[in-house]
Amino acid sequence: MIVFNNVSKVYSNGTVALKNVTVSINQGEFVAIIGLSGAGKSTLIKLINKMISVTSGTITVNGEQVEGLRGKRLRQYRRKIGIVFQSFNLINRTTVVRNVLASRVADMNIIATLFGIYSKSDQILALEALHKVGILEKAYTRADQLSGGQQQRVALARTLAQRPSVILADEPVASLDPITANQIMKDFKRINQSENITVIANMHHVDMALKYADRVIGINKGEIVFDGPSSEVNEELLKKIYGREITDEDIMFRDQ
Amino acid sequence: MPNLKNPPLKNRERDNRIHIFESIRWYFLRNIVQTKNARKVVLSDGVSITKPYSFGLFYLLILIGLSYYFVDLIVISYFEITPFELFVKRIPNFTNIVSKMITDFNLPYLPRIIQPLIDTIQMAILGTFIGAAFALPVAFLASQNLVKSKVLTNVIKLILSFIRTIPTLVYAAILAFAFGYGTTIGVIATAIFTFGILSKMLYEVIETLDLGAFIAVESTGATKTKAFIASIIPQIMGTFVSLTLYSFEINIRASAILGYVGAGGIGILLDDHMTWREYGHLGVILALLLVVVFIIENISRYIRKKMS
């Protein structure tokens with residue numbers, strides 16, 4: 001369970017990214033965060049992993065207070081939280097399976113890391129993760145030879161091999177075409193349901209958010225203006241979240 | 001006010017140098033003295049923007065000044081210190097040595113230089129290997145994009161540039177004074193040199209890398225060192241091996257003369273025969289070196305080509 005208690009974040013340049021955010025997310029939920037760019041979506045995600053620290057308030061994840069974490073304890077905490085990035089962030093010049101195994105190095109000793117000696121169980125874990133996202137046959141291909149959608153699947157598999165309790169996704173499908181984007185979102189949904197992993201995704205496209213997430217959090221200028229099941233979201237609410245009419249740009253499939 | 005509209009015409013009676021000087025002076029006056037009007041660009045709707053000053057001209061002037069100085073130096077030394085006739089007169093000395101190398105070519109001597117040659121090559125290989133092994137972690141510490149502390153990266157960069165200013169031969173000479181003669185100091189000297197250049201070339205490669213993968217691995221809870229090993233090293237491995245081979249080529253050539261200062265290998269023999277004017281022996285050594293360096297460079301180039 002992730003609990004934000006009165007969290008505010010002010011960047012060093014004075015930008016107020018989040019204002020008194022209080023929200024709690026249960027284990028196994030699929031949450032989409034929507035809002036204009038600059039509304040504070042990315043900040044919210046980054047705070048959970050402590051890529052950035054809160055200015056005030058507290059964040060508690062599975063009973064552990066995030067602000068106090070430092071050094072080894074922070075690294076241990078991060079092992080349970082996977083991140084999927086918009087730009088995939090794969091290691092290009094190496095094989096797919098090595099990319100997935102990269103998430104295992106946190107638990108390995110430095111000599112094994114240096115010589116790339118992965119234990120049998122880690123290798124099986126990595127291959128199973130690839131199988132779960134349906135690209136097992138690409139395991140020994142170089143990562144930069146894959147298409148965008150396949151690369152995002154590798155990134156998802158890398159996260160799965162971490163055995164996380166939470167997956168954070170920062171605009172996971174924004175740089176993909178609509179059809180691939182739908183497939184990737186289906187992968188997220190499937191993993192969310194079968195493994196009971198919490199998924200928190202920043203979504204640029206409203207339709208994708210409503211289609212796949214159980215719960216939607218709308219952010220406007222650093223404040224939560226809506227928090228509820230995605231079935232309750234209507235035109236009026238969207239106008240409130242976005243502060244304007246929904247345009248074609250906010251939707252991935254124009255016909256729907 | 002000087003004439004700023006038209007550049008100076010080339011006058012037949014003046015020489016080129018004066019014309020160039022006049023032109024620079026004219027350009028300088030026009031662009032810097034007559035500041036605002038010349039630099040102001042007015043668009044069709046009356047909006048105007050002023051171009052900022054460019055320091056290009058300033059640097060160009062310094063460059064011209066410097067090159068003028070060096071040309072002068074060469075010209076003076078050419079005419080006053082070493083008369084040209086003397087140089088021409090001495091050309092036969094040089095050709096004599098070269099022809100003696102060929103006519104007195106002492107082929108039976110060949111087997112006796114094989115061992116020193118192998119020593120030289122081993123010196124270069126081992127030195128390159130040791131230098132490269134140290135270069136990788138230091139390049140990581142010197143990369144501004146991976147290490148937060150600017151002080152640390154800059155101190156390392158400063159030390160590295162200090163290491164690079166001293167040539168391998170000088171390292172070997174200093175080490176020979178301190179530790180005595182032998183191939184070991186040749187290895188250490190080569191290693192230090194390799195370490196210096198490889199670290200620099202590597203951190204420059206690392207600093208241009210996209211850090212996405214590094215951040216991703218770090219976000220799984222890995223330490224920076226582990227994230228570097230897992231995400232940066234695979235990306236730079238090809239370049240690393242290629243750069244290492246390239247420094248090996250340099251080292252092979254450098255290590256041939258390391259014997260001069262007591263570092264062992266074939267350089268000792270070169271020194272001996274030069275002193276005793278045994279040009280026939282010298283010819284054999286140089287011929288062998290030529291062949292070996294040629295072969296090694298080509299193998300190395302072939303591997304580098306295959307890798308990229």
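Here B:Lys226, B:Lys150, B:Lys200 are screened, and the one residue that is away from every other protein chain (no Cβ under 14 Å) and over 23 Å from B:Glu249 (Cα atoms) is B:Lys150. Being among the polar types (S, T, N, Q), touching a helix residue (DSSP H, G or I) at 6+ places or on another chain (Cβ under 6 Å) and over 24 Å from B:Pro167 (Cα atoms): is that true of B:Thr220 here? Spelling it out, B:Thr220 is indeed among the polar types (S, T, N, Q), touching a helix residue (DSSP H, G or I) at 6+ places or on another chain (Cβ under 6 Å) and over 24 Å from B:Pro167 (Cα atoms).
The single condition among (1) in contact with a Leu (Cβ under 9 Å, 6 or more places away or on another chain); (2) more than 11 Å from chain B (Cβ to nearest Cβ) that A:Leu101 does not satisfy is (2). Only one residue in A:Leu130, A:Leu156 is more than 11 Å from chain B (Cβ to nearest Cβ), assigned to a helix (DSSP H, G or I), in contact with a strand residue (DSSP E or B) (Cβ under 9 Å, 6 or more places away or on another chain) and modelled with pLDDT of 90 or more, so which one is that? The conditions single out A:Leu156.
Selection of helices (runs of 4 or more DSSP H) fully inside the stretch A:1-118 by the criterion of at least 1 residues being surrounded by 20 or more Cβ atoms within 10 Å (Cβ to Cβ) and touching an Asp or Glu at 6+ places or on another chain (Cβ under 9 Å) returns A:41-49, A:71-78, A:96-101. All told, B:Gly280 falls short of being modelled with pLDDT of 85 or more, over 20 Å from A:Leu114 (Cβ atoms) and within 14 Å of chain A (Cβ to nearest Cβ).
All told, B:Ile232 meets the bar of being modelled with pLDDT of 90 or more, among the hydrophobic types (A, V, I, L, M, F, W, C) and within 30 Å of A:Ile167 (Cα to Cα). Of the residues making up the stretch B:208-223, those that are among the hydrophobic types (A, V, I, L, M, F, W, C), facing another protein chain (nearest Cβ under 8 Å) and surrounded by fewer than 24 Cβ atoms within 10 Å (Cβ to Cβ) number 1. When the stretch A:178-225 is filtered for residues that are of a type in the set (Gly, Ala, Ser) and touching a Pro at 6+ places or on another chain (Cβ under 8 Å), only A:Ala201 remains.
Suppose we keep only residues that are basic (Lys, Arg) and modelled with pLDDT under 90 within the stretch A:191-233. Which one would you say is surrounded by the most Cβ atoms within 10 Å (Cβ to Cβ)? Result: A:Lys211.
Among the residues of the stretch B:248-277, the one identified as aromatic (Phe, Trp, Tyr), at pLDDT 85 or above and over 17 Å from B:Ile97 (Cβ atoms) is B:Phe248.
A quick yes/no check of all residues on (1) surrounded by fewer than 21 Cβ atoms within 10 Å (Cβ to Cβ); (2) of a type in the set (S, T, N, Q); (3) farther than 24 Å from B:Gly182 by Cα:
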{"residue": "B:Ser231", "(1), (2), (3)": "no, yes, yes"}
{"residue": "B:Ser247", "(1), (2), (3)": "no, yes, no"}
{"residue": "B:Ala254", "(1), (2), (3)": "no, no, no"}
{"residue": "B:Val261", "(1), (2), (3)": "no, no, no"}
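Just a yes or no: is a residue in the stretch B:205-214 at pLDDT 90 or above and either at positive phi or of a type in the set (D, E, K, R) (or both)? Yes: one or more hits.
Scanning the stretch B:241-262 for residues that are part of a helix (DSSP H, G or I), touching a residue at least 60 places away in the same chain (Cβ under 8 Å) and within 14 Å of chain A (Cβ to nearest Cβ) turns up at least one hit. In the stretch B:101-128, the residues that are more than 16 Å from B:Leu270 (Cβ to Cβ) and among the aliphatic types (A, V, I, L, M) never reach a residue that is at pLDDT below 85 and in a helix (DSSP H, G or I) with C-beta atoms less than 8 angstrom apart, at least six apart or across chains.
The values are calculated or read from the model by the stated rules, or taken from the named source; none is laboratory data. Bear in mind the structure is a predicted one, so any value in this text is a computation, not a measurement. Glycine gets a Cβ as well: all are built from the backbone with ideal geometry, and neighbour counts include every protein chain shown.
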